[in-house]
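Down below is the structure, laid out as structure tokens.
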Amino acid sequence: MSDIDAGQTVIVKSGDCLWHIARTNLLSTATGSPTDADIARETDRLAKLNKLDEGSRNRDLIYPGEIIKLT
């Protein structure tokens, strides 16, 4: 799993998915364990922030080396 860096971005590594990135981001900023609903909302937020749903792009397809903004 990719690590969240101080600049609030993630560089996607092989095997990463947006759901796990969203969960890791919530775990790093929350005091408790996020629910599936919390993670789904965060996944939607990250997809919009990174324009993963624009055009014919599929938000479920992220690629190694791609930079995902968290803020």
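The values are calculated or read from the model by the stated rules, or taken from the named source; none is laboratory data. Keep in mind it's a predicted model, so treat the numbers as computed, not measured. Using ideal geometry, Cβ is built from the backbone for each residue, glycine included, and neighbour counts are taken over all protein chains shown. Note: accessible area is taken over every heavy atom of the protein model, side chains too, but ligands, DNA and RNA are not part of it. Shrake-Rupley method; radii C 1.70, N 1.55, O 1.52, S 1.80 Å.
Kindly provide the set of residues from region 54-71 that are of a type in the set (A, V, I, L, M, F, W, C) and outside any strand (DSSP E or B), ordered by number. Scanning region 54-71 gives Leu61, Ile62, Leu70. Across region 14-53, the number of residues qualifying as open to solvent by 90 Å² or more (accessible area, probe 1.4 Å), touching a residue at least 24 places away in the same chain (Cβ under 8 Å) and either farther than 19 Å from Pro64 by Cβ or not in a helix (DSSP H, G or I) (or both) comes to 1.
Can you tell me which residues in region 21-35 are hydroxyl-bearing (Ser, Thr, Tyr) and under 22 Å from Tyr63 (Cα atoms)? Show your work before the answer.
So in region 21-35, the residues hydroxyl-bearing (Ser, Thr, Tyr) come out as 24, 28-29, 31, 33, 35.
Thr24 - this is the single residue of region 21-35 that is hydroxyl-bearing (Ser, Thr, Tyr) and under 22 Å from Tyr63 (Cα atoms).
Could you list all residues from region 54-71 that are open to solvent by 100 Å² or more (accessible area, probe 1.4 Å) and free of Cβ contacts under 8 Å to residues at least 12 places away in the same chain? Those that are open to solvent by 100 Å² or more (accessible area, probe 1.4 Å) and free of Cβ contacts under 8 Å to residues at least 12 places away in the same chain: Glu54, Ser56.
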